[in-house]
Amino acid sequence: MSITSAAIQSLFVPGPAGRLEALLNVGTPAATHCGLVCHPHPLFGGSMHTKVVFHAMKALNSFGFPVLRFNFRGTGLSQGAHDNGDGEQDDVRAALSWLKGEFNLPVIFAGFSFGSAVGSRVACSEADVRAIISLGTPVEAEGHVYSFGFLKQCRKPKIFLSGDHDEFGPHEALEQIVSDAAEPKELVFLPGDHYFAGHLSEMRLTIESWVAELLST
């Protein structure tokens, strides 16, 4: 693939339920990593265009990384039908496989809400993923209780960012999830709600600071 810095490419990634609509914010030729960002629940308006997803992409792209966003099955122009988080894990694997084929670089994964719950589970088990960024980690949302027991064996660097008034991630419950997770890990509460409304710049700067520290180790 011929790429130029700051360009955005619209494409389709082959997926297990059909092709997945995607956007690639290309990186620089000297990129050391690539990024993957997963969106929130599609049945409640989530897509790769969600503001939190966009700002997470910008944070990773600021390091010159190529960053892929895609729509889960049944969302936007992506084929297939919503599968309650099960088939969506295979969508994440397909996106990671595409990134490996295109760039063969270690991946920094970021997911927002549903995208974090689904994507982090895959990212923890995939050798190509170096680090995990969980945004608005959902504990309970729309009647669904999310389980993060897999984090107990996930020894990749992890940061959890949530609004201090996140309606889907109460402090105590999220603190327990992070407490149970394997090291290394970091939990940061920023002002705002589940969507970091009014505080997206702080969210982005926090991601950039954490990634810069990660790259220095």
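Coordinate-derived values only; no laboratory data. Just so you know, these numbers come straight off a predicted model, no measurement behind them. Because the Cβ atoms are built from the backbone with ideal geometry, glycine has one as well, and the counts that use them run over all protein chains shown.
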*What is the local net charge at Gly119, summed over the other residues whose Cβ is closer than 11 Å to its Cβ (Lys, Arg +1; Asp, Glu -1)?*
-1
*Based on the Cβ-Cβ distance from Glu142 to Asp193, what FRET efficiency comes out when R0 is 25 Å, to the nearest 0.05?*
0.95
*Once you list every other residue whose beta carbon is under 11 Å from the beta carbon of Pro106, what net charge do they have if Lys and Arg are +1 and Asp and Glu are -1?*
+1
*Ranked by how many other beta carbons lie within 10 Å on average, peptides 32-43, 134-145 from highest*: 32-43, 134-145
*Would you pull out the residues with amide H under 5 Å of Gly15's amide H, same chain only if 5 or more places away, H placed 1.01 Å from N?*
Leu20
_If the reach is capped at under 17 angstrom between alpha carbons, list the aspartates and glutamates near Lys158, excluding any in the same chain fewer than eight residues apart._
Glu126, Asp128, Glu175, Asp180, Glu183, Glu186, Glu208, Glu213
_Stretchable slack from Ala81 to Leu205, in nm (0.36 nm times residue separation minus alpha-carbon distance)_ = 41.2 nm
*asked:* Give me a comma-separated list of calculated 3J(HN,Hα) values for region 25-32, in order, Karplus coefficients 6.51, -1.76, 1.60 applied at θ = phi - 60°, integers in Hz, x for any Gly or Pro.
replied: 8, 6, x, 9, x, 8, 4, 9
_Counted charge near Val92, where neighbours are those whose Cβ lies closer than 9 Å (Asp, Glu -1; Lys, Arg +1)_ = -2
_Proximal lysines relative to Lys156, as straight alpha-carbon distance under 18 Å, when same-chain residues fewer than 8 apart are discounted_ = Lys185
*Point-to-point label distance, Leu215-His165, nm (Cα→Cβ direction, 7 Å offset)*: 3.4
*Of Gly198, Val26, Thr50, which is farthest along the charge dipole of the chain in the positive direction, counting Lys and Arg as +1 and Asp and Glu as -1 at C-beta?*
Val26
*May I ask what percent, to the nearest 5, of DSSP beta bridges between residues of the chain are antiparallel?*
30
